[in-house]
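I have placed the structure first, in the form of structure tokens, so that the comments after it can refer back to it.
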Amino acid sequence: MPGPSCTQNHEDMLATLLPFLLACTAIAAVPGQSTALIIRQSIRGGKRAGVATVLGNESGVFLWGCAAAFGFTALLAASQIAYDGMRIVGACVLVWFGVQSLRSARRMKRDEDAQEADDLGDARTHGALWSYRAGLLTNLANPKAAVFAMSFLPQFVPAHAPKLATMVLLAAIWAVYEVFYYSLYVWFVQRMRGFFTRRKVRRRMEQISGTVMLGLAARMVVENS
């Protein structure tokens, strides 16, 4: 039979859960590189690619949460060289995705029929595994995600709860919750697939996606740690 302290920890955790989920919702609602990538992959590769991108992104969220629980992200925050290095790597990842989108838009404008065939080839070659890796890499290459996890998760650890185990649990809840949240983006794109698969619309979306990615990369490079 659980003791009073165990029961109190459970009650404290339940009391913390709703504010934690509300905070997770607010975080996910802020547009960023993850949102842009999920929408891009959902349009280009369909539901399977979109869900795989979400799972990759949330694997990164969970890994950063665990790293924060074990104190690894504190080392990153304390080392300016390591932080700046990751910041540059993250910017390069975004530049690569941005350039790919803009190149795709140019190809569609130059020869839409040929591009349609190319897109079908991309969907076969760059399937779910590629999309998963893209989501994971985009998240892991973002040092702000690491530092944010370190400052965010401890706020919701009840006073008498074991810190390490609770932070890992919160990281898992955070990742699972965002899987469902971002899946709504995938669902919306699929519901509107008839609109998004129009050639002119796809070209415009590739242009927007590429511009957003490059803008996020520029912001990541110039921002202060």
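The values are calculated or read from the model by the stated rules, or taken from the named source; none is laboratory data. Everything quoted here is computed from the prediction, not taken from an experiment. Every residue, glycine among them, receives a Cβ derived from its backbone with ideal geometry; neighbour counts consider all protein chains shown. Remember, those area values only see protein heavy atoms, side chains included, never the ligands or the DNA or RNA. Shrake-Rupley method; radii C 1.70, N 1.55, O 1.52, S 1.80 Å.
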| request: Could you check, for the stretch 122-140, whether at least one of its residues is at pLDDT 90 or above, crowded, with 23+ Cβ neighbours inside 10 Å and aliphatic (A, V, I, L, M)? | output: yes
| note | When the stretch 26-50 is checked residue by residue, the ones that are modelled with pLDDT of 85 or more, among the charged types (D, E, K, R) and open to solvent by 20 Å² or more (accessible area, probe 1.4 Å) are 47, 48
| Exactly one of (1) open to solvent by less than 50 Å² (accessible area, probe 1.4 Å); (2) in contact (Cβ under 8 Å) with a residue 24 or more places away in the chain; (3) closer than 20 Å to residue 38 by Cβ is unmet by residue 158. Its number? | (3)
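Could you identify the single residue in 33, 41 that is polar (S, T, N, Q), touching a residue at least 40 places away in the same chain (Cβ under 8 Å) and closer than 16 Å to residue 127 by Cβ?
Values: 33 fails: closer than 16 Å to residue 127 by Cβ.
Answer to the check: 41.
Would you check which residues across the stretch 162-195 are open to solvent by less than 20 Å² (accessible area, probe 1.4 Å) and not β-branched (Val, Ile, Thr) and list them? I'd like the intermediate steps shown before the answer.
Looking only at the stretch 162-195, we keep the residues that are open to solvent by less than 20 Å² (accessible area, probe 1.4 Å), and these are 166-167, 170-171, 174-175, 178, 182, 186, 189.
Answer for the stretch 162-195, where residues must be open to solvent by less than 20 Å² (accessible area, probe 1.4 Å) and not β-branched (Val, Ile, Thr): 167, 170, 171, 174, 175, 178, 182.
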| Can you tell me which residues in the stretch 95-104 are hydrophobic (A, V, I, L, M, F, W, C) and open to solvent by 50 Å² or more (accessible area, probe 1.4 Å)? | 95, 96, 99
| request: Consider only pairs whose beta carbons are under 7 Å apart and that are at least six residues apart or on different chains; among these, list those whose first residue lies in the stretch 161-186 and is farther than 23 Å from residue 40 by Cβ and assigned to a helix (DSSP H, G or I) and whose second residue is open to solvent by 40 Å² or more (accessible area, probe 1.4 Å) and modelled with pLDDT of 95 or more. | output: 171/62; 172/62
| task | Of the conditions (1) open to solvent by 50 Å² or more (accessible area, probe 1.4 Å); (2) at pLDDT below 90, residue 22 clears all except one; give me its number. | result | (2)
| task | Select from the stretch 51-94 the residues that are hydroxyl-bearing (Ser, Thr, Tyr) and either part of a helix (DSSP H, G or I) or open to solvent by 50 Å² or more (accessible area, probe 1.4 Å) (or both) and list them in ascending order. | result | 53, 59, 73, 83
